[in-house]
1. Could you name every one of the helices (runs of 4 or more DSSP H) located completely within the stretch 104-184 that has at least 1 residues being in contact with a helix residue (DSSP H, G or I) (Cβ under 9 Å, 6 or more places away or on another chain), closer than 17 Å to Asn207 by Cβ and among the charged types (D, E, K, R)?
2. In the stretch 133-142, is there at least one residue being small (Gly, Ala, Ser) and crowded, with 20+ Cβ neighbours inside 10 Å?
3. Just to check your reading of the model, which residue among Leu106, Leu166, Leu158, Leu145 is at pLDDT 95 or above and either among the hydrophobic types (A, V, I, L, M, F, W, C) or under 13 Å from the mean Cα position of the chain (by Cα) (or both)?
4. Could you tell me whether the stretch 64-73 includes any residue that is surrounded by fewer than 18 Cβ atoms within 10 Å (Cβ to Cβ), of a type outside the set (A, V, I, L, M), touching a Lys or Arg at 6+ places or on another chain (Cβ under 8 Å) and modelled with pLDDT under 95?
5. Mind checking whether some residue in the stretch 213-235 is under 29 Å from Met117 (Cβ atoms), in contact (Cβ under 8 Å) with a residue 60 or more places away in the chain and exposed (fewer than 12 other Cβ atoms within 10 Å of the Cβ)?
6. Among Ala92, Ala81, which is the only one that is farther than 15 Å from Tyr211 by Cβ, assigned to a helix (DSSP H, G or I) and of a type in the set (Gly, Ala, Ser)?
7. State which residue is surrounded by the most Cβ atoms within 10 Å (Cβ to Cβ) when the search covers only the stretch 88-109 and only residues that are under 23 Å from Leu161 (Cβ atoms) and in contact with a Lys or Arg (Cβ under 9 Å, 6 or more places away or on another chain).
8. On the given criteria, is Val205 free of Cβ contacts under 8 Å to residues at least 12 places away in the same chain and part of a helix (DSSP H, G or I)?
Amino acid sequence: MSILDSLPDEPEEDQSPESPTPPNQWLDKQEQLKPPQMKVDAPLRMVETAFLASTASLIWFINYYFPLGPVLRIFFPVPIALVYLRWGKRAAWMAAVTSGLLLSVLMGPVRSLLFVMPYAFMGVLLGATWYRRVPWIVSITLGTLLGTLGFFFRMWLLSVLSSEDLWIYVINQVTEITEWVFLKLELLATPSVFLIQMGAIALIVLNNFIYLFVVHLAAWLLLDRLGNPIPRPPQWVQVLMDYEG
């Protein structure tokens, strides 16, 4: 008998189902058993949305009790628009709702509604238009329409709560302005009621148009420095502001 014949036979590989699992399959199973990793952006999105929503509410709160003229009013829709630019539509709507709820706790539901319509909605609208890089004339026009609707909503709500028609006070003011203009133009005609109402609506639209233009200017200068630029203004605005960006 030779030495080779005396060596034990090598065991054959067991092909049965009970054979040990290959290393690759072990790695796959371990990866499946790992807990899901939370996205890093999720907490940051939540924190920034809450912070900017509270900022918008705080600006409204301070301006209501300590009015500083039109300075703070310019920034009413800007924080929510910034949320849209940074985190998208869902976060912007969450910021609008959060700011409304916060103001309803601090100041009551009526004053909260006066902020939500139109300024919170305006923030979402401006954020959407700036995110899509539409021209200024489009975003200003859409914001003007929303601001005009917000004015009439405010007049309706306050008229219901005060049981008085506040539109009459607006008409009286416009009537005095119209009569003064007719007097300066030496017109002997008396302005009709329809003309006075059209003049009131035109003044409201013009006021909102100027307001939206100033909001765009402030956002253009501010958000550029925060790393979230809005679309470029018309060339004449850049020349007027002597801005190079």
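1. 136-162
2. Checked against the condition, which is being small (Gly, Ala, Ser) and crowded, with 20+ Cβ neighbours inside 10 Å, the stretch 133-142 yields at least one hit.
3. Residue meeting the stated conditions: Leu145.
4. Taking every residue of the stretch 64-73 in turn, at least one turns out to be surrounded by fewer than 18 Cβ atoms within 10 Å (Cβ to Cβ), of a type outside the set (A, V, I, L, M), touching a Lys or Arg at 6+ places or on another chain (Cβ under 8 Å) and modelled with pLDDT under 95.
5. yes
6. Numbers: Ala81 fails: farther than 15 Å from Tyr211 by Cβ.
From the options Ala92, Ala81, the qualifying one is Ala92.
7. The residue in question is Leu103.
8. Values: free of Cβ contacts under 8 Å to residues at least 12 places away in the same chain: no; part of a helix (DSSP H, G or I): yes.
Spelling it out, it is not the case that Val205 is free of Cβ contacts under 8 Å to residues at least 12 places away in the same chain and part of a helix (DSSP H, G or I).
The values are calculated or read from the model by the stated rules, or taken from the named source; none is laboratory data. Note that the structure is predicted; figures quoted are calculated from it, not measured. Note: ideal-geometry Cβ built from the backbone for every residue, glycine included; neighbour counts use all protein chains shown.
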